[in-house]
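These notes concern the structure reproduced below.
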Amino acid sequence: MGNGIRERQRQQTRQALLRESRHLFAAHGYGAVGLAQIVQSAGVTKGALYHHFDSKADVFRAVLEQVQGEVAEKVVAAAEAHDDPWTQLTAGCQAFLAASTDPMIQRIMLIDGPAVLGWHEWRAMDEAASARHLADALAVLIDGGVIAAQPVAPLAHLLSGAMNEAALWLATSTDPDDLAKTWTALSALLASLRVR
């Protein structure tokens, strides 16, 4: 009985740390947030934080993983709402762009993520969270003859890079029409892959 309660308390502490860290990182940026702020917001001690995480970067990594996972879920849900593989691809790409325009997500996932963890680790996490879904969708379309036969990996990386770059650009954009314009450009790019 005691162990179950302790485990639940540990999970609640971890969730509180992640929730408060995420809010602080999104609002102020990684560099402006200190561990003291995080523990104060979460209402726990520094010792409790160090029980769950090794450092501020470790807390950030867990927050980034959570954010990337949520974006990937939105992409998968948008894709799975359709039966046609082509519509699944385009709906997934559109959902990614839409999710990435949320300033709270942009700052953590696209701006601070690569800067804090370094390009290689950020890229590996991005790959684990969503690039795999894109590669799978492309493979289905290539197998079905909708997209010309070609290696999947380079195409998936090109499209993933284009979408991440578009999302970063949208993060600094002040024109509300830029999301629609970006989607129009991406739709044309995707359509050009289709076998005539």
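The values are calculated or read from the model by the stated rules, or taken from the named source; none is laboratory data. Predicted, not measured: the structure shown is a model, and the values here were computed from it. FYI the Cβ positions are ideal-geometry reconstructions off the backbone, even for glycines, and counts take in every protein chain you see.
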(request) Inspect region 65-88 for any residue being touching a helix residue (DSSP H, G or I) at 6+ places or on another chain (Cβ under 9 Å), more than 30 Å from residue 187 (Cα to Cα) and among the β-branched types (Val, Ile, Thr) and give the result as yes or no. (result) no
(request) Evaluate region 42-52: report whether one residue or more is touching a residue at least 24 places away in the same chain (Cβ under 8 Å), in a loop (DSSP other than H, G, I, E, B), over 30 Å from residue 181 (Cα atoms) and of a type outside the set (Ser, Thr, Tyr). (result) yes
(request) Have a look at 148, 139 and point out the one that is touching a residue at least 40 places away in the same chain (Cβ under 8 Å) and either in contact with a helix residue (DSSP H, G or I) (Cβ under 7 Å, 6 or more places away or on another chain) or assigned by TED's automatic domain parsing to the domain that holds residue 67 (or both). (result) 148
(request) Collect the residues in region 98-110 that are in a helix (DSSP H, G or I) and either free of Cβ contacts under 8 Å to residues at least 12 places away in the same chain or surrounded by 18 or more Cβ atoms within 10 Å (Cβ to Cβ) (or both), keeping them in residue-number order. (result) 99, 100, 105, 106, 107, 108, 109, 110
(message) For the condition more than 24 Å from residue 139 (Cβ to Cβ), at pLDDT 95 or above and surrounded by 14 or more Cβ atoms within 10 Å (Cβ to Cβ), what is the one hit in 26, 91, 32?
(response) 26
(request) Check region 141-157 and report whether any residue there is buried (at least 19 other Cβ atoms within 10 Å of the Cβ), of a type in the set (Gly, Ala, Ser) and either modelled with pLDDT of 90 or more or in a helix (DSSP H, G or I) (or both). (result) yes
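Please enumerate the residues belonging to region 158-182 that are under 18 Å from the mean Cα position of the chain (by Cα), closer than 15 Å to residue 96 by Cβ and not aliphatic (A, V, I, L, M).
Residues satisfying the conditions are 160, 161, 164, 165, 169.
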(request) Give region 148-196 a look and list any residue that's of a type in the set (S, T, N, Q) and within 17 Å of residue 71 (Cα to Cα), or say none. (result) 160, 164
(request) Only one of these is at pLDDT 95 or above and either β-branched (Val, Ile, Thr) or surrounded by fewer than 16 Cβ atoms within 10 Å (Cβ to Cβ) (or both): 78, 42, 57. Name it. (result) 57
(message) For the list (1) without any contact (Cβ under 8 Å) to a residue 24 or more places away in the chain; (2) part of a helix (DSSP H, G or I), I need the number of the one condition that residue 67 fails.
(response) (1)
(message) Tally up the residues in region 1-26 that are among the small types (Gly, Ala, Ser) and touching a residue at least 24 places away in the same chain (Cβ under 8 Å), please.
(response) 3
